[in-house]
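Below: the structure, in structure tokens.
The values are calculated or read from the model by the stated rules, or taken from the named source; none is laboratory data. Computed from a predicted model, the values in this text were never measured in an experiment. Counting neighbours? That spans all protein chains shown, and the Cβs are built from the backbone with ideal geometry, glycine included. Ligands, DNA and RNA are excluded from the accessible area calculation, which covers all protein heavy atoms including side chains. Shrake-Rupley method; radii C 1.70, N 1.55, O 1.52, S 1.80 Å.
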Amino acid sequence: MTQQGGSREASVKIGDRSFRLCYSIIGIVALRDHWKLEDDSACLAKIDEIGKNFQKGRLNFVTVSEVIWGGLQEHHAGEVTPGEVLKLLSAAGMAEVPKIMTDAFKSLIAASPSPEGRQGGPTKAKRRGRSASTN
């Protein structure tokens with residue numbers, strides 16, 4: 001795995017294949033649609049939850065393959081499905097999965113806005129009283 005500090009891109013080797021992971025808008029939208037979530041904020045929240053579970057040592061290999069697949073959409077769209085990523089992970093071996101996921105989450109963290117930064121859209125101006133018309 002090669003990654004520069006703060007970069008949202010990383011090179012990762014899964015088994016005998018090399019890929020460029022990139023968690024861009026394209027990847028987030030692909031995951032949102034794949035997971036049938038309402039909006040991008042829900043997708044980012046799910047990714048946060050997956051990361052927290054991973055840090056606690058909890059792995060769901062299907063979810064791992066989906067997260068990696070999302071990171072492949074910028075540079076490798078159409079090359080592999082989430083199921084094929086699962087097969088690649090299986091071929092790489094269970095001992096490699098935590099390292100691959102650690103590298104993927106480093107890229108995700110660099111790409112993701114902070115939870116505070118993704119909460120709101122445009123804000124409405126607060127109004128006090130009535131507005132006066134000059135007509």
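What full-extension length gain, to one decimal in nm, is calculated for Glu38 and Glu96 as 0.36 nm per residue of separation minus the Cα-Cα distance? Each step should come with its number before you reach the end.
Values: separation 58, 0.36 × 58 = 20.88 nm, distance 3.25 nm.
Fully extending the segment from Glu38 to Glu96 adds 17.6 nm.
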TODO: Take the Cα atoms of segment 1-71, find their three principal axes, and give me the spread along each one in whole Å, biggest first.
DONE: 34, 27, 23
Open item on the list: What are the ³J(HN,Hα) couplings of segment 66-77, residue after residue, when phi is run through the Karplus curve with 6.51, -1.76, 1.60 and θ = phi - 60°? Round to Hz, x for glycine and proline.
Closed with: 5, 4, 5, 4, x, x, 8, 5, 5, 10, 9, 4
Task: Estimated inter-spin distance, Val62 and Lys87, nm [label 7 Å along Cα→Cβ] - done: 1.8 nm
Open item on the list: For Lys13, what accessible surface area do you get with a 1.4 Å probe? Give it in Å², rounded to 10.
Closed with: 120 Å²
Open item on the list: For a quick check: with amide H placed at 1.01 Å from N, whose amide H comes under 5 Å from Arg8's, ignoring anything fewer than 5 positions away on the same chain?
Closed with: none
Open item on the list: Given contacts defined as C-alpha pairs under 8 Å and at least six residues apart, what's the relative contact order of segment 1-95, whole-number percent?
Closed with: 31 percent
Task: Under the Karplus curve 6.51 cos²θ - 1.76 cosθ + 1.60, θ = phi - 60°, whole-Hz ³J(HN,Hα) for segment 94-104, x wherever Gly or Pro sits - done: 4, 5, 7, 4, x, 5, 4, 5, 4, 5, 5
Task: Solvent-accessible surface (1.4 angstrom probe) belonging to Trp69, in square angstrom, nearest 10 - done: 40 Å²
- [ ] Quote the accessible area belonging to Met94 in square angstrom, nearest 10, computed with a 1.4 Å probe and with ligands, DNA and RNA left uncounted.
- [x] 150 Å²
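Give, in nm to one decimal, the length gained when the segment between Asp48 and Ala77 is fully stretched (0.36 nm per residue of separation minus the Cα-Cα distance).
Using 0.36 nm per residue and subtracting the Cα-Cα distance, I get 8.1 nm.
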TODO: Could you order Thr63, Thr102 so the one with the most accessible surface comes first? Probe is 1.4 Å.
DONE: Thr102, Thr63
